[in-house]
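The values are calculated or read from the model by the stated rules, or taken from the named source; none is laboratory data. The structure displayed is predicted, hence computed values, not measured ones. All Cβ positions, even for glycine, are placed from backbone atoms using ideal geometry, and neighbour counts span all protein chains on display.
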Amino acid sequence: MSGDFLLELRSEEIPARMQAGARAELEKLFRAELRSRGVVPGAVTVWSTPRRLALIARDLPLVTDPVREEIKGPRTSAPAAALEGFLRKTGLTAAQLSERDGVWFAVKDIPGIAIGDVLRDVIVALVRGFSWPKSQRWGAASRHTDSLRWVRPLQGIVALLDGEVIGQGLGAQFDGIEPGRETFGHRFHHAGPIVIDGVDDYAPKLHAAHVIVDQATREAIIRDGAHRLAAEAGLELVADEALVIENAGLTEWPVPLLGRFDPAFLAVPPEVIQLTTRINQKYFIATEVARLSGAGHPHPTLPLEGEGFRGLRLANAFVCTANIAAHDGGAAIVAGNGKVLAARLADARFFWEQDQKTPLADHATKLARITFHDKLGSLADKVARVADLAEWLAQQGVVPGADPAQARLAAELCKADLVTDMVGEFPELQGIMGGYYARAEGLPAAVADAIRDHYQPAGPSDPVPAAPVSVALALADKLDTLRGFFAINEKPTGSKDPFALRRAALGAIRLITANALRLSVAEGDLLAFFAERLKVQQREAGVRHDLIDAVLAQGGEGDLVRLLARVKALQAFVGSEDGINLLAGYKRAANILKRESWEPQAQDYVPEPAETALAAALAAAAPRVDGALGDEDFTAAMAALAGLRAPIDAFFETVTVNDADANKRANRLDLLDRFRAAVHKVADFSRIEG
Amino acid sequence: MAEPATSPSFQDMILRLHAYWSAHGCLILQPYDMRVGAGTFHTATTLRALGPEAWRAAYVQPSRRPTDGRYGENPNRLQHYYQYQVILKPSPPDMQALYLGSLQAIGIDPLLHDIRFVEDDWESPTLGAWGLGWEVWCDGMEVTQFTYFQQMGGFDCKPVSGELTYGLERLAMYVQGVDNVYDLRFNDAGVSYGAVFLENERQMSKWNFEVADTDTLFEGFRRAEAECRRAIDAGVPIAAYEQAIEASHLFNLLQARGVISVQERASFMGRVRDCARGSCEAYMAKFADQWAQHFPGWSA
């Protein structure tokens, strides 16, 4: 025998962005509350609309399992007062206790509880214990501090177990909201209450009242509808799943509608149109189906937040999602939304045109008024530093093929768009607008692209700039930020990284490694910080962090490209048979050297063959290792080390290091020390794990 | 769009809202007779939101935003506009339904137009106030701010008040199907909004941005601040609050004149906040005992 349970918590509009979290919280809390009462439900389904959270749990046991609880008491030999205390605590008499191994035990049998009573407690725990990102009080009950809190005013509770109302009388605890079987349908399409019989008629009855409770169904209606409308208009929708979910969180009866805007607005960059439609109005946009020829179009299309227009021209169309099936098929809604969008686009076009009346170089002068950081000066100061560094990176050939003058120019203009009206309105477009304005001014494409891309890569999946001027500027910007904040001791600690230095370091690492840039990136603390980021970043590529440490321990390798080449050669070596054995020999040598101390002495005995062989091998290997390292041929350096494996093995097999003869002992320790030094030319093997 | 022939004029829309909210138990008050940035500043909202007593009021509040002036050249932006403000305390359980009824009263059919409640929380650091709510969308346009006050003057609202703020010009443009605010029908006898306010916008924009004497404004700010403190000390918190309003508006004018630097801005805002909060605290202190007597179990 088992039961099915329906719970609906109906409220005023729940913010769309909170609904997925609320569903997860509802299921998590429900399961946890049941578990703490020894109940495991069968399938649990959670739904949300803007105005309700719903949960259906099937196959609940009708009665919980009885529980036997045993409480350990005092020893039988303990003073009488201890026993009396225990009896008071448990509410039992001495006759009811049992004794085992000289200790009193109280045994309580807790009988099974009807699931209805359990659910009643669960409802209270859910409503009182629900965690919202932000919650509020409301109504007359809020005169008192302990009134209910919910994301917005809670209006009704449906709680049915196999069709019977659960939690009657709880209204007193819920500011008068009495659990029952009545709910309400769509705000405008259905008047009056709907009576629910149980789990099976809940969704169908609401559907008849113009409410689709399953968010996945609403999402599909929006996704498919928007695509279909675009296709019917001969266009292709720009897919945007986050927007699908948001619109599903704003509607109980979604109806996608396609509208058009004045094509003259297409003179504004597509990123701007997408942002204003998406963020301000929550509309989808569409592209023409035919591909652009590429050249000649005034606005080369760019990827935005990884979605992009894939080289397609933006169309003068939008898809909005209404929450009603309007009398007139949506004509008035489309007209109204079109008007609002036109006003927004007119604003955007005004900014676009206004911003271009001032050259970027003039915009840039205003950066002197904006503080970058109290101790690091204004944004203009930062720009001046970045310009010097970008130019230097180009001049020194660190970024091959970058024109130093272009790198400097791009740097001097790269932050100018921060004071434009458009970026003031849409901060997300920083860089992108600068690129557009630079192009419109007739600046070289390499300069405009560098301005556009200099914040890249910002996230782990962002593309890494490859054009030389872009690389020089993107790297200079990040290095300046890192060097500046480290110089004033504003380093990230724990989870706190207010200046996003981890992201800057990761971006610099990706720029350097993807473009094989040869420079010493930093020293001291900052290099250690880079090393930490590098380890995290390289972990996914399968590079061992201990090997990075082993190479870094050789003394401040700030050239990340060389560092990684060395680490990769080392990783291949320590995975080979020679490497594994050499590492074993190294550890044995290092352990001995760690324990012992000695004074160097002139050799006064005839060395054993293994000693002579090891000394000869070291003499041969050392220059080969040095030469290979000098040539940055790390594989050859490893091969040279591999030549030491057999001699060191033979040495340990046949030679006693701690010989009773002090001269022998000292010379053999010396030999091991030279062996360790030779290995250390490549990496600090003591840092290698395993 | 509603048909222009049947849609209410600007003044008729106000009259319909008055009739509607009057029928739902609101006192119909007049604007506060001082320059303010929003209807929330009216004592009928801020001070009445404090304490346990029930309160329902509706009024039009002329609102001044000096930096929004556009010399009468922008179809949507004004340095002086009207807000319709409703405060219902405690917030009634059917507050959303009441609000939607008011939209129908001015001719918006919710089965023809798409009305939506979109998350938008409200915060006024100046008033030490915040609340949760929505901006209400009609066919994608924000027509009303809907807020459940949680704190005012740094005090928890006990009980919570529900506040509705309609942007009257914007709503009228929507209802009348007009793209330029100056083209609104003010009445049904041929007078436009522009005929009433266009010259006002031109002159006041010029004064706000170019003419207003900044020394006088700074001096006025200092005097208002000092007077606010004197009024608090004298146990007349309503008078103190008026001085806080005055300081707030003078600060806005100084902003429009572009004479407050970024660094100074935070300090000026802090001074306005201290005046407003101090007034609310004094108001609360004056009545807290009395309220606690009349409402057993209530405490600030």
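Which residues, taken from region B:177-201, are part of a helix (DSSP H, G or I) and under 23 Å from the mean Cα position of the chain (by Cα)?
Across region B:177-201, the qualifying residues are B:Val181, B:Tyr182, B:Tyr193, B:Gly194, B:Val196, B:Phe197, B:Leu198, B:Asn200, B:Glu201.
Within region A:179-194, is there a residue that is of a type in the set (Asp, Glu) and more than 30 Å from B:Gln104 (Cα to Cα)? The answer is no, given that none of the residues of region A:179-194 is of a type in the set (Asp, Glu) and more than 30 Å from B:Gln104 (Cα to Cα).
The set of residues from region B:132-169 being within 17 Å of A:Ser11 (Cα to Cα) and facing chain A (nearest Cβ under 9 Å) comprises B:Leu132, B:Gly133, B:Trp134, B:Tyr148, B:Val160, B:Gly162.
Every residue in region A:120-166 that is among the polar types (S, T, N, Q), farther than 18 Å from B:Asp156 by Cβ and either part of a loop (DSSP other than H, G, I, E, B) or not assigned by TED's automatic domain parsing to the domain that holds A:Pro179 (or both), please. Within region A:120-166, just A:Ser131 meets the criteria. Hey, any hits in region B:119-130 for a residue that's within 12 Å of another protein chain (Cβ to nearest Cβ), modelled with pLDDT of 95 or more and crowded, with 23+ Cβ neighbours inside 10 Å? No: region B:119-130 contains no residue that is within 12 Å of another protein chain (Cβ to nearest Cβ), modelled with pLDDT of 95 or more and crowded, with 23+ Cβ neighbours inside 10 Å. Collect the residues in region A:6-29 that are of a type outside the set (D, E, K, R) and within 11 Å of chain B (Cβ to nearest Cβ), keeping them in residue-number order. Matches in region A:6-29: A:Ser11, A:Ile14, A:Pro15, A:Ala16, A:Met18, A:Gln19. A:Ser142 passes every criterion in (1) within 8 Å of another protein chain (Cβ to nearest Cβ); (2) closer than 23 Å to A:Arg37 by Cβ apart from (2).
Residues that are surrounded by 22 or more Cβ atoms within 10 Å (Cβ to Cβ) and over 31 Å from the mean Cα position of the chain (by Cα) do not occur anywhere in region A:373-380. Any residue in region A:342-353 that is more than 14 Å from chain B (Cβ to nearest Cβ), closer than 30 Å to A:Pro263 by Cβ and among the charged types (D, E, K, R)? Looking through region A:342-353, at least one residue is more than 14 Å from chain B (Cβ to nearest Cβ), closer than 30 Å to A:Pro263 by Cβ and among the charged types (D, E, K, R). If only residues of region A:470-508 that are of a type in the set (Asp, Glu) and not in a helix (DSSP H, G or I) are counted, the one that is surrounded by the most Cβ atoms within 10 Å (Cβ to Cβ) is A:Glu490. Scanning region B:1-57 for residues that are of a type in the set (A, V, I, L, M) and without any contact (Cβ under 8 Å) to a residue 60 or more places away in the chain returns B:Ala5, B:Leu15, B:Ala23, B:Leu27, B:Ile28, B:Leu29, B:Ala44, B:Ala54, B:Ala57.
Specify which of the listed residues (A:Asp101, A:Asp200) is among the charged types (D, E, K, R) and either within 23 Å of A:Ala57 (Cα to Cα) or within 13 Å of chain B (Cβ to nearest Cβ) (or both).
Only one candidate qualifies: A:Asp200.
Under the condition of being within 14 Å of another protein chain (Cβ to nearest Cβ) and small (Gly, Ala, Ser), the residues counted in region B:261-287 number 2. A residue that is part of a helix (DSSP H, G or I) and among the hydroxyl-bearing types (Ser, Thr, Tyr) can be found somewhere in region B:212-228.
I want to confirm something. Restricting to region B:83-107 and keeping residues that are among the hydrophobic types (A, V, I, L, M, F, W, C) and touching a helix residue (DSSP H, G or I) at 6+ places or on another chain (Cβ under 7 Å), which single residue is nearest to the other protein chains (Cβ to nearest Cβ)? Per the criteria, the residue is B:Leu88.
Here is a yes/no grid of residues against (1) within 14 Å of the chain's Cα centre (by Cα); (2) over 21 Å from B:His42 (Cα atoms); (3) in the same structural domain as B:Ala266 (by TED's automatic domain parsing):
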position	(1), (2), (3)
B:Thr67	no, no, no
B:Leu78	no, no, no
B:Gln83	yes, no, no
B:Ile106	no, yes, no
B:Phe117	no, yes, no
B:Trp122	yes, no, no
B:Glu135	no, no, no
B:Glu142	no, yes, no
B:Tyr148	no, no, no
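Remark: pairs (first residue in region B:272-287, polar (S, T, N, Q); second residue part of a helix (DSSP H, G or I); Cβ separation under 7 Å; 6+ apart in sequence or on different chains) = B:Ser279/B:Cys228; B:Ser279/B:Ile232; B:Ser279/B:Pro237; B:Ser279/B:Ala240; B:Ser279/B:Tyr241; B:Ser279/B:Ala244. Condition check for B:Ser102 on (1) more than 14 Å from B:Leu164 (Cβ to Cβ); (2) in contact with a strand residue (DSSP E or B) (Cβ under 9 Å, 6 or more places away or on another chain); (3) in a helix (DSSP H, G or I): one failure, at (1).
Would you point out the residue of region A:266-283, among those that are out of contact with any Phe, Trp or Tyr (no Cβ under 9 Å at 6 or more places or on another chain) and within 14 Å of chain B (Cβ to nearest Cβ), that is surrounded by the fewest Cβ atoms within 10 Å (Cβ to Cβ)? By that ranking, first place goes to A:Asn280.
Residue-wise test of (1) surrounded by fewer than 19 Cβ atoms within 10 Å (Cβ to Cβ); (2) in contact with a strand residue (DSSP E or B) (Cβ under 9 Å, 6 or more places away or on another chain); (3) away from chain A (no Cβ under 14 Å).
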residue: B:His18; (1), (2), (3): yes, yes, yes
residue: B:Ala23; (1), (2), (3): yes, no, yes
residue: B:Pro31; (1), (2), (3): yes, yes, yes
residue: B:Ala54; (1), (2), (3): yes, yes, no
residue: B:Ala58; (1), (2), (3): no, yes, yes
residue: B:Arg65; (1), (2), (3): yes, yes, yes
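Restricting B:Phe209, B:Phe155, B:Phe186 to residues that are in contact (Cβ under 8 Å) with a residue 40 or more places away in the chain, crowded, with 19+ Cβ neighbours inside 10 Å and hydrophobic (A, V, I, L, M, F, W, C) narrows the list to B:Phe155. Looking at the structure I just gave you, is A:Gln173 in the same structural domain as A:Gly192 (by TED's automatic domain parsing), closer than 30 Å to A:Asp59 by Cβ, over 38 Å from the mean Cα position of the chain (by Cα) and assigned to a helix (DSSP H, G or I)? Criteria met by A:Gln173.
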